[in-house]
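The structure appears below as structure tokens.
The values are calculated or read from the model by the stated rules, or taken from the named source; none is laboratory data. Every value quoted in this text rests on a predicted model; they were computed, and no experiment measured them. Ideal geometry is used to build each Cβ from the backbone, glycine not excepted, and the neighbour counts take in all protein chains shown. With ligands, DNA and RNA removed, areas are computed over all heavy atoms of the protein, side chains included. Shrake-Rupley method; radii C 1.70, N 1.55, O 1.52, S 1.80 Å.
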Amino acid sequence: MAPPVRRRLAPSLLSADFADLASAIRLAELGGADAFHLDVMDGHFVPNLSFGPALVRDVRRRTRLPLDVHLMIEHPARYLPEFAAAGGDTLVFHLEASDPPEEVLRVAAGCRAKVGAALRPETPLDAVLPLLDRLDEVLIMSVHPGFSGQSFLPEALPKLERARRTLDERGLATELAVDGGILPATAASCARAGARFFVCGNSVYGRGEVAGNLHALREAVDGGSG
Ligand code: DX5
Ligand code: ZN
């Protein structure tokens, strides 16, 4: 019998109170989070700024859960080593950034971290297919990167389905992640489409109680097919 599919919830700290991240981390851990997602933005690749390796390092000191670091930055190859040294477990670069993906993967191979590639909504899945066997994660963006709290773009669903099919056909264990506008309803659709890693910002930290919010998301992602 095939092992049960594991679906993981990764609260995005971008939606938490930056002045009280320790509480945000603790509450999510108690609520059953599987990882944390950290959104790094440079004001160039996306029109917003967030934080850099110093914050990743401080979060690292507060939790043992894996840190999924989403690099919405130009020149990811230049910064990868710093984010690995800061304690990022998976470093996710954007295929659309100016560094050639081959160069980013070459630098990543020298870092003690896993590597992932992210695709903006308008980037076709084909862009990542030749790299799949060298990636630990593929992150499909279901909003335009830069801000939390946006609405889910349903174009992500056929992309997830095709990515899932391709990974299964090739027998790859690459994590399939979705990021942006994930609420219980959209999470359930993404789970049916084959996503296994769910980045959740506003739906965890926006309003209501963190543990309750995570519980609703858990039910949604595990409610469909096993
Ligand atoms: C958006 C970021 C997301 C963001 C998600 O650019 O990549 O990780 O924090 O937030 P929600 O879940 O609110 O869309
Ligand atoms: Zn993100």
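Which percent of the accessible heavy-atom area of the chain goes to carbon and sulfur, probe 1.4 angstrom?
Working: 5330 of 10270 Å².
Roughly 52 percent, rounded to a whole number.
So which trypsin sites (Lys or Arg not before Pro) in the range 77-114 end up in coil per DSSP with only 16 or fewer other C-beta atoms within 10 Å? Write down the numbers at each step before the final one.
On the way: sites: Arg78, Arg106, Arg112, Lys114; in loops: Arg112.
Sparse-neighbourhood loop trypsin sites (Lys or Arg not before Pro): Arg112.
Say we join alpha carbon atoms closer than 10 Å with springs in a Gaussian network model of the chain; which of Leu38, Leu153, Leu67 then has the biggest fluctuation?
For the chain, modelled as a Gaussian network with Cα springs under 10 Å, the answer is Leu153.
Can you give me the long-range amide H partners of Glu175? Hydrogens built in the peptide plane at 1.01 Å from N, cutoff under 5 Å, separation of 5 or more residues or another chain.
Glu137, Val138
In the chain, which longest range has no GluC sites (Glu not before Pro) that are both DSSP loop (not H, G, I, E or B) and surrounded by at most 13 other Cβ atoms within 10 Å?
Here the longest run is 1-121.
Of the trypsin sites (Lys or Arg not before Pro) in the range 136-226, which ones lie in a loop per DSSP and count no more than 16 other C-beta atoms within 10 Å? Working shown, then result.
Values: sites: Lys159, Arg162, Arg164, Arg165, Arg170, Arg192, Arg196, Arg207, Arg218; in loops: Arg196, Arg207.
Loop-located and lightly packed - Arg207.
Per residue of the chain, what 222 nm ellipticity follows from adding -39500 (n - 2.57) for every DSSP H run with n ≥ 4, rounded to the nearest 500? List each step's numbers first, then the result.
Details: 8 runs with 82 residues, N = 226.
So the calculated ellipticity at 222 nm is -10500 deg cm²/dmol.
Heavy-atom accessible area per residue, the chain, 1.4 Å probe: how many Å²?
Working: 10270 Å² over 226 residues.
Ligands and nucleic acids excluded, the result is 45 Å² per residue.
Where both partners of a DSSP beta bridge lie in the chain, what percent of those bridges are antiparallel, to the nearest 5?
5 percent
What translational diffusion coefficient, to the nearest whole µm²/s, does the chain have by Stokes-Einstein, given a Kirkwood radius computed over alpha-carbon pairs, a temperature of 25 °C and 0.890 mPa s viscosity? Mind dumping the intermediate values first?
Values: Rh = 17.3 Å.
After rounding, the answer is 142 µm²/s.
Assign one of three labels to the range 76-176, namely rounded, prolate or oblate, based on the Cα gyration tensor with a ≥ b ≥ c the square roots of its eigenvalues; rounded applies when a/c is under 1.5, prolate when it is not and a/b is larger than b/c, and oblate otherwise. Don't skip to the end; give the middle numbers.
Details: a/c = 1.86, a/b = 1.29, b/c = 1.44.
Oblate is the answer for the range 76-176, as a/c is 1.5 or above yet b/c matches or exceeds a/b.
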